[in-house]
1. Can you give me the number of residues within region 85-125 that are surrounded by 15 or more Cβ atoms within 10 Å (Cβ to Cβ) and more than 18 Å from Ala160 (Cβ to Cβ)?
2. Those residues that are farther than 30 Å from Arg192 by Cβ and either in a loop (DSSP other than H, G, I, E, B) or near the ligand (Cβ under 9 Å from one of its atoms) (or both), I need them from region 68-82; list them, please.
3. Leu167: within 16 Å of the ligand (Cβ to nearest atom), within 24 Å of Ala48 (Cα to Cα), of a type outside the set (D, E, K, R) and in contact with a helix residue (DSSP H, G or I) (Cβ under 8 Å, 6 or more places away or on another chain), yes or no?
4. When only residues in region 177-206 that are in contact with a helix residue (DSSP H, G or I) (Cβ under 7 Å, 6 or more places away or on another chain) and more than 16 Å from the ligand (Cβ to nearest atom) count, which is farthest from Leu167 (Cα to Cα)?
5. From the list Gly53, Gly81, Gly59, pick out the single residue that is buried (at least 17 other Cβ atoms within 10 Å of the Cβ) and at pLDDT below 95.
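The values are calculated or read from the model by the stated rules, or taken from the named source; none is laboratory data. This is a predicted model, so every value here is computed, not measured. We place every Cβ from the backbone using ideal geometry, glycine too, and count neighbours over all the protein chains shown.
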Amino acid sequence: MVQADQPSGPTFGPAAAAVAPGTGDALAFRDVTCVRGGRVLFERLSFAVPPGGAALVTGPNGIGKSSLIRVAAGLLRPASGAIAGTAPRTLMAEAAALDAARPLRDALGFWAALDADPADPHGRVAQALHAVGLSHIAEVPVRLLSTGQRRRAALARVVASGAMVWLLDEPANGLDVASVTVLEHLIAAYRRRGGAVLVATHLPIALPDAQTISLL
Ligand SMILES: Nc1ncnc2c1ncn2[C@@H]1O[C@H](COP(=O)(O)OP(=O)(O)OP(=O)(O)O)[C@@H](O)[C@H]1O
């Protein structure tokens, strides 16, 4: 079962599955059904995230939050329905996919050169490291980073990507209170620039005016 709501405007969900998200959305699910391991995780889910918007995916363990994020990322094919939106997306999941042997700056630079925005990858990595408070360990190999530092490094990768849509799967895991505040500020600044975020979390994250997609 799924329940999606917005602070204002229409309610999306199975009962309103015919509601077609408008054009120009950064990301939209249209009647998306996801089946995994023979179990329907969510059915005919429709919602849209406009530029500058945010959606928060909530629900208990094993309900399908990560699966929803993976569907949005194009890593998991929905059983039916469609994902709309051509804006470049970037994913922050459990694995940061940063080369453990490389210094952090180089490991991030590898992805920044491949990711959405081709302009000035070195400059974007430097800015991202500063934004997450890791500039001082830019030359330290990734394998020596603490758990929380790795999570912040993963966030730096997202920041450096220049993508218009951030897909964040449990981004607050492993972060201390101060780092969660940094995360919240980064998301807010990104949204002010027109970025859109889809966040799955079981930890509280302040996302003003976000619509909530409750998997039940
Ligand atoms: N590769 C897979 N094959 C089959 N079933 C899977 C696979 N990956 C996950 N599942 C199942 O899909 C369901 C949803 O998993 P998912 O990771 O999306 O949940 P979640 O809400 O993110 O959970 P959590 O809060 O524990 O991270 C679970 O029952 C899980 O066992």
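1. 1
2. Of region 68-82, the ones farther than 30 Å from Arg192 by Cβ are 76-81.
Scanning region 68-82 gives Leu76, Arg77, Pro78, Ala79.
3. In short, yes.
4. Step by step, filter region 177-206, then rank; the result is Ser179.
5. Values: Gly53 fails: at pLDDT below 95; Gly81 fails: at pLDDT below 95.
Result of the check over Gly53, Gly81, Gly59: Gly59.
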